Amino acid sequence: MRLVHISDIHLGFRQYQRQTPVGINQREADVALSMRRVIDKVIELRPELVLIAGDVFHTVRPTNPAILHAFREFSRLMAMLPDATVVMIAGNHDTPRTAETGCILRLFKPLGIKVVDGDAEQFPVPELDLSILAVPDMGGRKPSLEPDPASKYNILVLHGEIEGVLPKYGRELDRSPMEITRKELGAEKWDYVALGHYHVYRSIAPNAFYSGSLDYTSTNPWGELAEERELGIEGKGIIEYDLEKKTETFHPLPPARPWVDLAPLSGEGLSPASLDEAIRDALDNCEGGIEEKIVRLVVRDVPRHILRDLDHKALREYKRRALHFHLDTRRPEIVRPESGQGAPGRRASLADTVRDKLRSRTLTENIDREALVELGLHYLREADLVAGPTVEEAIA
C-alpha cells in the first residue's frame with residue numbers, strides 16, 4: 001500500500017512585480033504551474049493515500065485566482081483517483097489568527113477531501129486498515145501524539161517544526177509554527193510521519209520526512225538552494241512511501257522557473273571597469289543564459305565608491321533580461337578594536353544589520369518578507385550611490 005506526501009504549495013505567493021499577459025503576478029503563476037505538475041505526478045503514481053501537510057495557500061485570505069486554481073486541481077485529483085483517501089491539514093499560513101475567521105481549506109470538503117484545521121483529529125480508514133492522526137498548526141497548543149493500537153498502520157500528518165532540526169535561516173518566518181520535540185514526535189511509534197512547514201526535503205527518521213515545498217516560496221530561497229546543493233537534493237518534489245515494504249522514494253520535480261545562484265565574486269582591488277567586466281563575464285557564462293530566470297550574483301568586498309561608479313545602465317539591462325536579477329554587493333568587513341579591549345572584534349556591515357533586522361521583525365500577513373528585505377537593501381545601495389566617501393575612505 002502506497003502513499004504520496006506533499007506539502008507547502010503556497011498558492012497565491014507573489015514576488016518581483018512582474019505580470020503575465022493576463023495580469024497575474026508571474027511568480028504566482030509559476031507556483032500554480034508547479035502545483036499542476038505535482039498533481040499530474042500524483043495521478044501518474046496512483047497511490048491509495050494522499051497526504052497534504054499544510055500551507056496550501058500563502059496567506060489566510062488568498063487571491064481569487066489562487067482559490068480557483070486550487071479548486072480545479074484538487075477536483076481533477078479526486079476525479080482521477082476516486083478510490084484514494086486524500087487528507088489535508090492547515091499550516092501556519094492557512095490558519096487564521098482569530099477563532100472568528102474560518103479556514104479557507106474548508107472549501108475543499110465537498111470534493112471528498114478530509115480537511116483538518118483548528119484541532120487535531122484522529123480517524124480510521126477502515127478500507128486501508130489504518131488510522132490517521134492529523135495535526136494542523138495549533139499555535140501554542142500541543143496535542144498528545146499517540147497511535148491507534150487497533151489499526152494495522154498508523155500515520156501521523158503534522159505541520160510544525162521539529163525542535164533542533166531546522167537551520168537558523170529556516171526559522172526566519174513571518175509566523176512561528178507549532179514546535180515539537182523529537183521525544184514528543186515519537187517517530188518510532190508510527191508507520192509513517194508526514195511533516196509540513198520546512199521547505200527543503202529532509203529525513204527526520206527512516207519513516208519521518210519533510211517533503212519540502214513545491215517551489216521557492218520561503219523568506220530565504222537562496223538558503224534553500226544552498227542546502228539542496230550541500231545535500232545533493234535535486235530541487236523540489238514529493239515523497240512516495242510503501243507502508244508494507246517500508247521504502248521511500250523522493251520524486252524530484254523541477255520548479256516552473258529556473259533559479260540560478262552564480263559563483264560569488266570578490267571585488268577586492270578591482271576598479272569599477274574591472275568589476276563591470278567580471279559581472280558581465282559571470283552572467284554571459286550562465287548556462288542557458290539569464291533570460292526569464294531568477295538570478296543572484298554575490299560580490300564581496302565592494303567599497304561604496306566602487307559601487308557608485310559601476311555601469312548601472314548595464315545592470316538595468318540585466319534586470320530586464322532576467323525575471324529577476326539580484327546583484328548582492330557586500331562591503332568589506334571593518335575590523336575594529338572592541339571597546340575597552342585590546343583584541344580586535346568584527347562588526348557587522350550595515351547591509352547585514354538591515355537584512356537581519358528585516359528578517360526578524362514581525363510583519364502583517366500581506367507583506368512579502370523577502371520582497372521587503374530586497375527593497376530595504378535596494379534603498380541602502382541607492383543611498384550609497386549618492387553619498388560621499390566615508391572619512392576612512394577619503395583618508396585611504
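Within the shell defined by Cβ-Cβ distances under 12 Å, the residues around residue 116 carry a net charge of -2, with Lys and Arg each +1 and Asp and Glu each -1.
Close amide H pairs (under 5 Å, H built 1.01 Å from N) link residue 326 with 295, 296, 297, residues at least 5 positions away or on another chain. For the pair region 286-320 and region 53-107, the centres of their Cα atoms are 39 angstrom apart. Taking the 1.4 Å solvent-accessible surface of the chain as the whole, the part contributed by carbon and sulfur is 52%.
Separation of region 20-48 and region 238-266, taken as the distance between their Cα centroids, equals 16 angstrom.
Give me the percent relative contact order of the chain, please, defined on Cα pairs under 8 angstrom at least 6 residues apart. Reported relative contact order: 14 percent. Taking the helices alone, the chain has a mean residue ellipticity at 222 nm of -9000 deg cm²/dmol, built from -39,500 (n - 2.57) per DSSP H run of at least 4 residues and averaged over all its residues. How much FRET efficiency would the formula 1/(1 + (r/R0)^6) give for residue 308 and residue 41, where r is the Cβ-Cβ distance and R0 is 41 Å, rounded to 0.05? The value I calculate is 0.25. Between the helical axis of 221-231 and the longest alpha-carbon principal axis of the chain there is an angle of about 70 degrees.
For the chain, find the longest principal axis of its Cα atoms and tell me its angle to the long axis of helix 26-45, 0 to 90°, nearest 10. Once rounded, the angle reads 40 degrees.
So if I average 1/r over every pair of distinct C-alpha atoms in region 79-204 and take the inverse, what Kirkwood radius in Å does that give?
On the way: mean 1/r = 0.0644 Å⁻¹.
Answer for region 79-204: a Kirkwood hydrodynamic radius of 15.5 Å.
Counting every Cα pair in the chain, what percent are over 39 Å apart? Of all Cα-Cα distances in the chain, 26 percent exceed 39 Å. Protein heavy-atom accessible surface, 1.4 Å probe, per residue over the chain: 47 Å².
Given their separation in residues at 0.36 nm each and the Cα-Cα distance between them, residue 231 and residue 148 gain 26.4 nm when the chain is fully extended. Shown is the FRET efficiency for residue 79 and residue 2, computed with R0 = 25 Å from the Cβ-Cβ distance and rounded to the nearest 0.05: 0.80.
Around the Cα centre of the chain, unit charges on the Cβ atoms of Lys, Arg, Asp and Glu (plus for the first two, minus for the last two) sum to a dipole of about 720 debye.
The values are calculated or read from the model by the stated rules, or taken from the named source; none is laboratory data. Just so we're clear, the structure is a prediction, and the values are computed from it rather than from any experiment. Neighbour counts are summed over all protein chains in view; Cβ atoms, including those assigned to glycine, are modelled from backbone coordinates with ideal geometry. Heavy atoms of the whole protein, side chains included, go into the accessibility calculation; ligands, DNA and RNA do not. Shrake-Rupley method; radii C 1.70, N 1.55, O 1.52, S 1.80 Å.
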